[in-house]
Amino acid sequence: MIRRYTAASLEAPDRLFQVTHVSRTHTQLFLQSNAAKSAGFEHRLEVWFQSVQYFCMPFVLRGLSLRKASQDERASLSELHGLEADPRWDLYLLSRSHDWFIVSARPMWAEADLEYDDEPAFWSYAGQDDAVISMGTLE
């Protein structure tokens, strides 16, 4: 059975993430951190952002601290990047030590028993509890 939950944040400070899929229209973006049994990471962890409006981040990042920005953080980063406020989207921070962020709909993540070259869990394995361990989203 796939464990489903919501949380205030997703913390993965020691994992290496990379952008693995961006839709042709740039409205979907996937971050992926592969299993590394030698480092204690038994499963692949991926994060799916839908309705992406803007992003400011590198294509590879060490560590992830995904959380919704506070009103002050959102106002500050929006002003710095010339973004207009739109109540349909939220600003999600990706790091505690950098100003990396994505403006999108609420992100979702999955922990799955998948290999590097497998399709994202959300596309091909969403209902398969033999591949997907857990799925979550922000509160």
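What follows is calculated from the coordinates using simple rules that are stated; it is not laboratory data. Bear in mind that the values here come from a model prediction, so they are computed numbers and not experimental data. Because the Cβ atoms are built from the backbone with ideal geometry, glycine has one as well, and the counts that use them run over all protein chains shown.
If you go through segment 1-10 one residue at a time, how many are surrounded by 14 or more Cβ atoms within 10 Å (Cβ to Cβ) and not hydroxyl-bearing (Ser, Thr, Tyr)?
Selection size over segment 1-10: 2.
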Check your understanding: When segment 35-50 is examined, which residues are found to be in contact with a strand residue (DSSP E or B) (Cβ under 6 Å, 6 or more places away or on another chain), among the aliphatic types (A, V, I, L, M) and in a strand (DSSP E or B)?
Key -> Leu45, Val47
**Study point:** Residues of segment 8-33 satisfying the condition of being in a loop (DSSP other than H, G, I, E, B) and over 17 Å from Gln50 (Cα atoms)
**Key:** Ala8
Point to revise | Subset of segment 86-103 that is among the hydrophobic types (A, V, I, L, M, F, W, C) and assigned to a strand (DSSP E or B) - its residue that is nearest to Ser9 (Cα to Cα) | key: Leu93
Practice item. Filter segment 55-85 down to residues that are touching a strand residue (DSSP E or B) at 6+ places or on another chain (Cβ under 8 Å), under 27 Å from Met135 (Cβ atoms) and either in a helix (DSSP H, G or I) or without any contact (Cβ under 8 Å) to a residue 60 or more places away in the chain (or both), then give me how many there are. Key: 13
Review point. How many of the residues making up segment 121-139 are closer than 21 Å to Gln53 by Cα and part of a loop (DSSP other than H, G, I, E, B)?
Key: 1
Check your understanding: Which condition does Arg106 not pass, out of (1) part of a loop (DSSP other than H, G, I, E, B); (2) more than 11 Å from the chain's Cα centre (by Cα), if it passes all the others?
Key -> (2)
Point to revise | Enumeration of residues in segment 84-117 that are more than 23 Å from Thr6 (Cβ to Cβ) and surrounded by 17 or more Cβ atoms within 10 Å (Cβ to Cβ) | key: none
Exercise for review: List every residue pair whose Cβ atoms lie under 9 Å apart, where the two residues are 6 or more positions apart in sequence or sit on different chains, the first residue falls within segment 124-137 and is among the acidic types (Asp, Glu), and the second residue, located anywhere, is outside any strand (DSSP E or B).
Suggested key: Asp129/Met1; Asp129/Ile2; Asp130/Asp113
